[in-house]
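The values are calculated or read from the model by the stated rules, or taken from the named source; none is laboratory data. As the structure is a prediction and not an experimental result, all values here were calculated from the model. When we count neighbours, we look across all protein chains shown, and the Cβ atoms used for this are built from the backbone with ideal geometry, even at glycine. The accessibility values were calculated without ligands, DNA or RNA, using every heavy atom of the protein model including side chains. Shrake-Rupley method; radii C 1.70, N 1.55, O 1.52, S 1.80 Å.
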Amino acid sequence: MSHPSLQRITEQRIVENKAFATTAESLLPVMHHTDVLPVRLVTLLPDDQVIHGWRTADAGEPEQLEQMTFGKGDEVVLDFGQHLVGQLSLHIEPVGSPPDAPLHLKLIFGEMPVELAVPFAEYDGWLSSSWLQEQSVYIDVLPTSLVLERRYSFRYVKLEVIASSVKYNVSFRHVNCRTVSSADVSNVQLLNHMDAELNRMDEVSIKTLADCMQEVFEDGPKRDRRLWLGDLRLQALASYTSLPQPDLVKRCLYLFAAYPNEQGQVSANLFIKPHVIPDDTYLFDYSLFFVSVLYDYMQATGDMETLAQLWSTAHRQVELALQRLDEQLMVRDTEEWWSFIDWRPQLNKQAPSQGVLIYALRQAAELAQLLHDEQEAELRQWLDKIVAATLEQLWDEQQGYFISGHERQVSQASQIWMVLAGVLDQRQNRKLLNRMLQENVAVPLTTPYMVHHLIEALILAGDHDTAISEMKAYWGGMLNDGADTFWELYDPQDKEFSPYGSHLINSYCHAWSCTPTYLLRKYNL
Ligand code: RAM
């Protein structure tokens, strides 16, 4: 399987549930704004000791900007000192003779220094280059105040004069970013841990979460800027412990439930504008996570009314997943199916998906119990049968690992999902994970999304010390590499890694990377 969003379905039939859509609409959050000014001027310097080979160096106070003038080919980089999501505005004054030609100004936005240092023309990845954040404007009348309509996600902005004229230059003033987020950060409690690194990790997690909280939980405000079910699950968990806005989770649940296909399967992600459009991408694991998001939402809120309304959508995801089982109750491992699990082309998805199914089935049975729904008994029977079958067919006693697919692959993702699914007991889980880490099992993890699952698995297996040390190695590594929000991708062994062919297109404020705050607070690490 390649990129999930490359999935194309020519005849996608959506069956809209109008009542659910209306409920979702009524839960549209209030948006919060703040005005943020740049904190310094910087230059970019090549440095092979830092991630992606570029760092910033001080080039002056922001007040100096007004005194500077810019002609053709001149540029300046502003650092806002923190990651922002919002609209940029600035005032432009002509300097010299009357402006006798339009001004051509280019604005480049970067979450990371490399985005300002490497020309976007060099980008050769396979995701659309239109995600790279830049904008050219032509201004006929000066002076002017410019307010960019597009929302950008950035810490740094480069202003580059492509053309003025030989007779005039320009100067810039009042550069401002009006941020936007639905997160109400005014009540966030500090973690107050004894370990300063963990406090910082918590703060950066919350900042990441807050910047992804828009009209829905977006996966990343730079890219893909949409509601993915897998990301939603982790964002929702992090929000309950750190930035509780359960109505936003509720809204997202109703949105997914409002636009299933004709089989009743919920899409892997939704576009929100110009109106809600479910993507023609369906993922085995993400659809099942509808159950998990509802389950976690119930744990956090006890909102029985929502549960009662959304239960049939949740139950349907389980039914559809069960249809993928073969006679031996194994998730069928064929060419044409899609399950996300992690970004790693050689990863076989069968066993981890089987783990996700068991995990969601357990939660579905709990939800049925809460509702006194007669389907509970049937769900529990499935659970018992599938767990037994999994142990029989996927547990390789000789190797001491779960195997996946026809190739009998041993991957870290398979072990982790089987731990989360509770297929073995706690002692066995701990032994399994510890061995896996020691032996550095092939097919390692690629995304913060999957590393989150490793940490949670370690915690459930009772190994808090390893959970903390792995968290420090991973998210602590990002902090050391300069993260002020956590990233979509991070491989400490290969810091240039991108599944998209270029790290320029990676997102550096990404929802599925925001969970240290949840892990630290929920489990009192
Ligand atoms: C990428 C994004 C998104 C994720 C999907 C599966 O496009 O990182 O967050 O959920 O993959």
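Assorted remarks:
- In the context of the full set of protein chains, the range 33-181 has a per residue accessible area of 47 Å² (1.4 Å probe).
- Per residue, the average separation of C-alpha pairs within less than 8 Å and at least 6 apart gives the range 33-181 a relative contact order of 42 percent.
- The calculated pair-distance distribution of the range 1-98 uses every alpha carbon pair, bins of 5 angstrom beginning at 0, and gives 2, 7, 11, 12, 11, 10, 10, 9, 9, 9, 8, 3, 0 percent.
- Mean separation of Cα contacts under 8 Å (6+ apart) over length of the chain, as relative contact order %: 18 percent
- Subtracting the Cα-Cα distance of GLN323 and ASP184 from their residue separation scaled by 0.36 nm leaves 45.9 nm.
- Of every Cα-Cα pair in the range 324-436, the percent that sits beyond 24 Å: 25 percent
- Square roots of 5 times each gyration tensor eigenvalue, C-alpha, the range 38-81, largest first, Å: 22, 13, 7
- Each label was represented as a point 7 Å from its Cα along the Cα-to-Cβ direction; for TYR523 and ILE272 these points are 3.1 nm apart.
- The residues neighbouring GLY110, those whose beta-carbon lies less than 11 Å from its own, together hold a net charge of -1 under the Lys/Arg +1, Asp/Glu -1 convention.
- Cα pair count fraction exceeding 21 Å, expressed as % - the range 33-181: 44 percent
- Restriction of the GluC sites (Glu not before Pro) in the range 377-458 to DSSP coil positions whose beta-carbon has at most 10 other beta-carbons within 10 angstrom yields GLU397.
- At least 20 Å along the helix axis (C-alpha) and Kyte average at least -0.5, DSSP helices within the chain: 196-212, 284-301, 304-322, 350-370, 375-394, 464-480
- Helix-derived mean residue ellipticity, 222 nm - over the chain, DSSP H n ≥ 4, -39500 (n - 2.57), to 500: -12000 deg cm²/dmol
- Accessible surface for the range 251-352, divided over its residues, is 35 Å² per residue with a 1.4 Å probe.
- Residue pairs, from the table LYS18/LYS522; LYS273/LYS472; LYS431/LYS472; LYS222/LYS250, whose Cα atoms sit over 31 Å apart: LYS18/LYS522; LYS273/LYS472
- Portion, in percent, of the accessible area of the chain that falls on carbon or sulfur, probe 1.4 Å: 48 percent
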